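Worksheet: one structure, shown below.
The values are calculated or read from the model by the stated rules, or taken from the named source; none is laboratory data. Worth saying up front: this structure is predicted, and the values here are computed from it rather than measured. Cβ sites come from the backbone with ideal geometry, for glycine too, and all protein chains shown count toward neighbours. Surface accessibility is based on the protein's heavy atoms, side chains included, excluding ligands, DNA and RNA. Shrake-Rupley method; radii C 1.70, N 1.55, O 1.52, S 1.80 Å.
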Amino acid sequence: MRTDELDYELPLDLIAQRAAEPRDSARLLVADRRTGAVRHRIFRELGEELRDGDLLVVNDTRVLPVRIRARRASGGAAEVLLLEPREDGAWEALVRPYRRLRPGERLDAGPLAVTVLDRLGEGRALVRPHAAGSLEQALEQAGEMPLPPYITHAPDDPGRYQTVYARHPGSAAAPTAGLHFTASLLEDIRRRHEVVEVTLGVGLDTFRPVSEELLEEHPMHSERYRVSAASAEAIERALAERRRIVAVGTTSVRVLETVFGSPRAPLDGRTSLFILPGHRFCAVGAMITNFHLPRSTLLGLVMAFAGVEETRNLYRAAVAGRYRFYSFGDAMLIQ
């Protein structure tokens, strides 16, 4: 698939700068793959679109404030964006100014310091953070939420870039389809449907634009995932009973298709599954997702599920209907 097939025209004023308030007041475009019908709803009406027996799967990862503004010994500014921890306490990170930072250099950020261990290429480095107490506490004091660059103003409440069911810290970006759920909406859905959690630590590579001419040539970096025994049992039961599994977000899709796809994978591991048009979906029967950037692997995943031309038509309809796009934007239910 040519990468330019993932292009589309989007007026800049449709890039959402703020999350909908309240969360479930976001709009919801409902697309029926069987009939081609499109309905325009509000996210709080999601329960009316679900079917008897549906099982919802959400990604309960929690975003850490991993963007660190630091000072070099020379007094110059530096920035570190922690991406993923290694088992020895080091982290893979994006650093700036990449070419000037040298292995062994120590960066100061108040209650937190960061030592550069090695440069990995493409702006990435291996670093070791130092804190007097726990790293998570130090990040809460010194770090910032890693908002995407197209969001020009941070929200007054950092929790708006966090799902209401976030539990397991370890993501450098939010699973944004889940941002639309309020606690009351989720409770209402749980009264009528089974809802289970999986965990995938979202890395920035998930959102990185594709620069290769062919989508298949894009290197997909791996991300850590985990499915509890209880969640796996519920998903297996739904599959055996031929009930529909509704994945909330592309990250949940990747976990489901990794663990319950063909071939199957362990409940705890890493996935580099690259879902492209032509992928045979084994677990996911419906998907809730936001509207994604052009030339992104996420848009390729949506095209794999809904169809290439069908997705283009849905995006044209969303633009014409003035839907809000990207992380703080509106949502789509593809079923």
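Numbers for the structure displayed
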item	result
Residue ID - nearest to Glu213 (Cα to Cα), chosen from residues in region 1-40 that are assigned to a strand (DSSP E or B) and within 22 Å of the chain's Cα centre (by Cα)	Ile15
All positions within region 102-116 that are closer than 19 Å to Ala172 by Cβ, without any contact (Cβ under 8 Å) to a residue 40 or more places away in the chain and either under 28 Å from the mean Cα position of the chain (by Cα) or part of a loop (DSSP other than H, G, I, E, B) (or both)	Val116
Count - residues of region 63-83 that are open to solvent by 50 Å² or more (accessible area, probe 1.4 Å) and under 24 Å from the mean Cα position of the chain (by Cα)	1
Breaking point among (1) out of contact with any Phe, Trp or Tyr (no Cβ under 8 Å at 6 or more places or on another chain); (2) surrounded by 15 or more Cβ atoms within 10 Å (Cβ to Cβ), for Asp13	(2)
Output for region 233-247, where each listed residue is within 23 Å of the chain's Cα centre (by Cα) and closer than 11 Å to Gly285 by Cα	Arg244, Ile245, Val246, Ala247
Close pairs (6 angstrom Cβ cut-off, 6 or more residues apart or separate chains): on the phi > 0 side of the Ramachandran plot in region 284-302, part of a loop (DSSP other than H, G, I, E, B) anywhere	Arg295/Val210
Where a residue in region 118-136 is over 23 Å from Tyr98 (Cβ atoms) and in contact (Cβ under 8 Å) with a residue 60 or more places away in the chain and its partner, wherever it lies, is part of a strand (DSSP E or B) and open to solvent by 60 Å² or more (accessible area, probe 1.4 Å), with Cβ under 7 Å and at least six apart	Glu136/Pro169
Conditions (1) surrounded by 15 or more Cβ atoms within 10 Å (Cβ to Cβ); (2) part of a loop (DSSP other than H, G, I, E, B); number of the one not met by Ser211	(1)
Selection count, region 165-184, where residues are part of a loop (DSSP other than H, G, I, E, B) and surrounded by 16 or more Cβ atoms within 10 Å (Cβ to Cβ)	7
Scan of region 217-258 for residues that are of a type in the set (Lys, Arg) and at pLDDT 95 or above, ordered by number	Arg226, Arg237, Arg242, Arg243, Arg244, Arg254
Single residue of region 131-159 satisfying the filter (open to solvent by 60 Å² or more (accessible area, probe 1.4 Å) and more than 22 Å from the chain's Cα centre (by Cα)) that is nearest to Arg324 (Cα to Cα)	Gln141
Residue that is surrounded by the most Cβ atoms within 10 Å (Cβ to Cβ) [pool: residues in region 89-101 that are among the basic types (Lys, Arg) and outside any strand (DSSP E or B)]	Arg100
Wholly within region 243-320, strands (runs of 3 or more DSSP E) carrying at least 3 residues that are open to solvent by less than 10 Å² (accessible area, probe 1.4 Å)	245-248, 286-290
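Conditions (1) under 24 Å from Thr297 (Cβ atoms); (2) outside any helix (DSSP H, G or I), marked per residue:
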{"site": "Leu186", "(1), (2)": "no, no"}
{"site": "Arg191", "(1), (2)": "no, no"}
{"site": "Val196", "(1), (2)": "no, yes"}
{"site": "Glu216", "(1), (2)": "yes, no"}
{"site": "Glu236", "(1), (2)": "no, no"}
